Structure formats: C-alpha cells, structure tokens
1. What list of ³J(HN,Hα) couplings, whole Hz, do you get for region 72-78 from phi and the Karplus terms 6.51, -1.76, 1.60, once you set θ to phi - 60° and write x for glycine and proline?
2. Starting with the fewest neighbours, write out 80, 85, 73 ranked by other beta-carbon atoms found within 10 Å of each beta-carbon.
3. Can you give the extra length, in nm with one decimal, that the chain gains between residue 33 and residue 46 once fully stretched, where that is 0.36 nm per residue apart less the Cα-Cα distance?
4. I'm spelling it out carefully: the read-out is semi-axes √(5λ) of the Cα gyration tensor in Å, the candidates are (i) 25, 16, 13; (ii) 39, 15, 10; (iii) 28, 17, 15, and one was derived from this structure. Which label?
Amino acid sequence: MTFVRGLTRPRRFTQGVDPDPRFTLANERTFLAWIRTALGLIAAAVGFEAFGPDVSAPVRAIVVVGLLVAAVVTAIGCFVRWGAVEAAMRTGRSLPVPALAPLMSGILVGAAGTLIIALGFR
C-alpha cells in the first residue's frame, strides 16, 4: 500500500485500522512539542556554555553535557513514543505509559541541583 509517490507505510502502521485523523494529528503535535523541548535544551546548553563563565569549567561541562544528553534522549524518546502511540491507536490497544516525562524531570532536577550547589560554593 503506497501513500506518497511510491513510499510504503512502515509495517507497524499497516496493521489495524486508521484512527480518527484528529487523534493522529494530536499525536503528531505532541511529538513536535517534545522536539521543541529538545531544541530548547540544546539552546540552553549553548547559552550556558557561552554565558556561564562564572561557573567553574568542570561544573559547566557537566551541566552542558547533561543538557545535551537530555536533548538527545528527548528527541529519540519522543520518536519512539510517537510510533508506539500510533501503533496502539491503530490496533485498539491501551496507550503506552509515558516514560519520557519522569526521565526529563530527573535530568533537569539534576542539572539545576548541580548549578545550585556550584553557585552556592563560589
């Protein structure tokens, strides 16, 4: 089955029935929101590297690398979740548990805690 000039649907999206387009589009909007979050994390890492000279170099490196790792995890995780939600909607299964939100919260709390400790001990 083709959908765009000779491209075929991934096999996981040929099973089941097409869901209501509103649900598919809502799933896509959620994916794009997470991508925006990943881009924001990259921007925060670049900004912190450029404008964070008051923090020692090792702490700055930890925060910047942590933010970049969070951006990568977010980008990969949101794509995996988008596909899992789409497949679940097509086959009538329950939606998968959102694992990305608690993971993101933990990473950001860790980055903020590192900064609080670093700035408090200057």
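All of the numbers you see were taken from the coordinates with simple rules; none came from a lab. Fair warning: this is a prediction, and the values are worked out from it, not measured in the lab. Because the Cβ atoms are built from the backbone with ideal geometry, glycine has one as well, and the counts that use them run over all protein chains shown.
1. Using θ = phi - 60°, the values come out as 5, 4, 5, 5, 5, x, 6 Hz.
2. Fewest-to-most Cβ neighbours within 10 Å comes out as 80, 73, 85.
3. Working: separation 13, 0.36 × 13 = 4.68 nm, distance 2.00 nm.
Contour length minus Cα-Cα distance gives 2.7 nm.
4. Evaluating semi-axes √(5λ) of the Cα gyration tensor in Å on these atoms matches (ii).
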